1. Compare A:GLU748, A:GLU367, A:GLU205 by solvent-accessible area with a 1.4 Å probe and give them largest first, with all protein chains kept in place.
2. Report, in deg cm²/dmol and to the nearest 500, the calculated mean residue ellipticity at 222 nm for chain A, where each DSSP H run with n ≥ 4 adds -39500 (n - 2.57) and the sum is divided by the residue count.
3. Angle, helix A:10-24 long axis vs. longest principal axis of chain A, Cα atoms, 0 to 90°, nearest 10?
4. May I have the convex hull volume per residue, in Å³, for the Cα set of chain A?
5. Pairs of Cα atoms under 8 Å, at least six residues apart: use those to get the relative contact order of chain A, whole percent.
6. If you take every residue apart from A:GLY671 with its C-beta less than 11 Å away from the C-beta of A:GLY671, what net charge results, scoring Lys and Arg +1 and Asp and Glu -1?
7. Whole-Hz ³J(HN,Hα) for each residue in the stretch A:117-127, computed from phi via Karplus 6.51 cos²θ - 1.76 cosθ + 1.60 with θ = phi - 60°, x for glycine and proline: what do you get?
8. Quick one: accessible surface of A:GLU339, probe radius 1.4 Å, all protein chains present, in square angstrom to the nearest 10.
Amino acid sequence: MQPLPKEYNFAEIERRWQQKWEEMGIFRYDWNDTNRVSFSIDTPPPYPSGELHMGNVLNWTYFDMVARYKRLRGFNVLFPQGWDCHGLGIEIQVEKANNIRKRDLPPDQFRGMCMALVEKYIAMMKEGILKLGCSIDWTTEYKTMDPDYWRRTQLSFILLHQKGYMYQGTHPVNWCPHDETAIADAEVDYVKRDGILNYIRFPLEGTDEHLLIATSRPEFIPACVAVEVNPSDERFNKYIGKKIVVPLVNRTVTIIPEESVDPEFGTGVVQICTYGDKEDVKTVMKHKLPVIMLLSENGRINENGGKYHGLTVNQARAAIVQDLTEAGLLDHTEKIQHEVGVCDRCKAHVEILERKQWFMKTRDLTEAVEKNANEVVWYPDYMKNRLIDWARSLDWDWVISRQRLFATPIPVWYCKSCGELILAKPEWVPIDPKLERPKIDRCPKCGGSEFTGETDVFDTWMDSSITCAVHAGWPDRADWKRLFPADVHPSGTDIIRTWAYYLMVRHLALFDETAYKSVLINGMVLGQDGRKMSKSLKNYVAAPEALNKYGSDAIRQWAAGGGATGSDIPYRVQDVEYGRRFLVKLWNVSGFCSKLLADYTPVEADSVELQPLDRWLLSKTEKVTQKVTDAFEKCQFNIAVEEIRNFTWHVFCDAYVEAAKDRLYRPEVHGQNKRAAAQYTLYAVLYRVLQMLSPVVPHLTEEIYQTMYAPDKGYPSLQQAPWPVFNEALVDEPTEKHGDLIVEFIGEVRREKAENRMSLNTPIKTLKVYAGDHSAAEALEDGKADIAGTLKAETVEILPEEGSGRPVAQFPTVHFVAEYQVAAKTS
RNA sequence: GGGCCGUUAGUCUAGCUGGCUAGGACGUCGCCCUCACGCGGCGAAGAUCACCGGUUCAAAUCCGGUACGGCCCA
């Protein structure tokens, strides 16, 4: 066997194996292999946002451990990689970086600038993912901004349109007045803001009385369509059905009953405007109230605002408050804190507008989503509630159209003469209706020949919510169902309500089948201080820097072992450093083994005389194999990594190797047979350690494997060696008990040496052991060679009887008396 | 206001389908230049497992409540 070099250069080793694996092509999904069962990972294509961050590191380490583990278990694994390019985020960055507004440029030029930025970001993220050593099948790489991907998004739309899931409608939508586009519920964040509650007098028609209503949005008075009170509110229910005058605009509206009005809030009388907030939308729908749209798409008051036409919302608010004050209608004001919806990209206050939009009938699928969410396996299980709660909470269908530029076009046209909708045929896509005509000459309805292409585009989630099918090869491969539904969809806690949800509704609608069979959840990465990691909190750690400093194998141990799957984990340098030290330990013990195994030829277990400690270690090895396998099966990476590390460091290195050293070094004393038995054990157990560690620490284990084991084992890569199967026959409880006694006994004698400030290799002249009974005596007698060797005892005398002396902590019936040479000399 | 999750030594974290002296890491303290490793070894100290009540022969683990914290949503 080749000895390992003394120094361990992780940067060189990691780079080298990353290259070699790619050259070997061993991480590619094999479409020609029909023997192995397929296993597909629905890698979520990331939104390219710049350099890789520690959250990405956590995610990709999870994906990669699953991919590697499953391959070792004999699966034909698909681990694809794509990039989710489109979106408002990139548009905003391009606008900021170039100090432009997108509508001031030709659309193609703006799109080009977006693509250039995305390409730059992809390169940065890809570098990080490569450095992490992910076993991705790079032949699958795709970008959602490529026309070939448009084709899939557009085709999925066409099919869903044909199935009746897509419709156009004028409905209230969340609207970002800054970006001038509709946005989905999932894109609205809620933040606490200071506001002012205005108490305004609304005169009751035909009387001198008035009611005081409280509102934080007085600028919506011109769009007031009703006033509502709680029907059980004794103060006001007598006014229900009466007419009340909207101040300044002098319209009358009806006072209506509404249970959801909180009598405690404000005055208990509220105005309904179209639309001040989502509650207004619900009320308008429920009571079938008229709608007065007050805002235009850029957030300014429109012609329905009368004298306030053209003002911004804030200007209008000031003007209206001023006018109310002058008219003596503003009773008083009060400062409040309230939650307002803001655009998750630009943080502008989200308004609610009615505009013609495309929708997907997602609410029809809520029951199916819930049913499938319950059937899917979730790691950890309780995370399924997030998806179910979200699906149930949705008030509106999904708005899939956006008024943006950098996105997949919606493949429809409208006949200029009759307005007929022309839906693209599946064979027309990819197509951009803004640039191309439909591939028909005449409108099928009126015969007109002029068409207007749809200018709206798809929500980015329309691209990324079909990945389970796309990764499987849909729509181009006839055999795509081999890989569909995805075996595992990995997702962060923050995107369950978007990614996991949209995937489920789209695939259910398209194929009447669940998108994925299991969901693997990762938590968020926190800073060292336990708060969410962010640049503004100064607790941010750049992933490329960390990877360069500590190496992928160390960082991956942090990702795997930092906490339970699904829980948020802090980035802790101490954990990474522990990982580094573990690697050094593994490297050193491997080097030690390679030296002592230089003359070793692998043999079968029955050709060596295994000693008690050998059998003890082999039995423990089987048990840890079972635990680690079980942990990987349940995606409990933290348990897996802790089990292997503790076993390797403390059981294998500290206990076994230390006790077996004398046998290995001095065959002339103990005999060649006992040395061979120790060699056999070292060889077998180190290999097992490398195997079990390889999904977490792929580079170093590969390096050690290649030097020490490849010539004998024959697998081109450790990543292709079959996962060890738990062998119950090797578990031997009595032997483990005996071994534990030997190890504990050695420990106790060492403790005595330590307490007396003696070096551990202080020679013992005679060691007298009172085992307490025959069974213990036999066990110790069996391990006598290792005991004597490890403790540097010249003679060891083991007696079955009880006796006095120092008791062994874990085995208090065993006592010993040690006579030291040093003590004899100094006395 | 609703939902979910959490509260374990100075710090982080495991265990929570109930059962030995609650495991690990970091940090702290003491000792040891033992021929793989001082990025090491051998040891030590440090936790009434948030609080109250219940179920049980037995609870960190199950049930109910309280307090505090986090995330998501309204």
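1. A:GLU367, A:GLU205, A:GLU748
2. It comes out at -12000 deg cm²/dmol, rounded to the nearest 500.
3. The angle comes out near 70 degrees.
4. Roughly 225 Å³ of hull volume per residue.
5. Reported relative contact order: 14 percent.
6. Result for the neighbourhood of A:GLY671: +2.
7. 5, 4, 4, 5, 5, 4, 4, 5, 5, 5, 4
8. Ignoring ligands and nucleic acids, A:GLU339 comes out at about 110 Å².
The values are calculated or read from the model by the stated rules, or taken from the named source; none is laboratory data. As the structure is a prediction and not an experimental result, all values here were calculated from the model. Cβ atoms come from the backbone with ideal geometry, glycine included; neighbour counts cover every protein chain shown. Note: accessible area is taken over every heavy atom of the protein model, side chains too, but ligands, DNA and RNA are not part of it. Shrake-Rupley method; radii C 1.70, N 1.55, O 1.52, S 1.80 Å.
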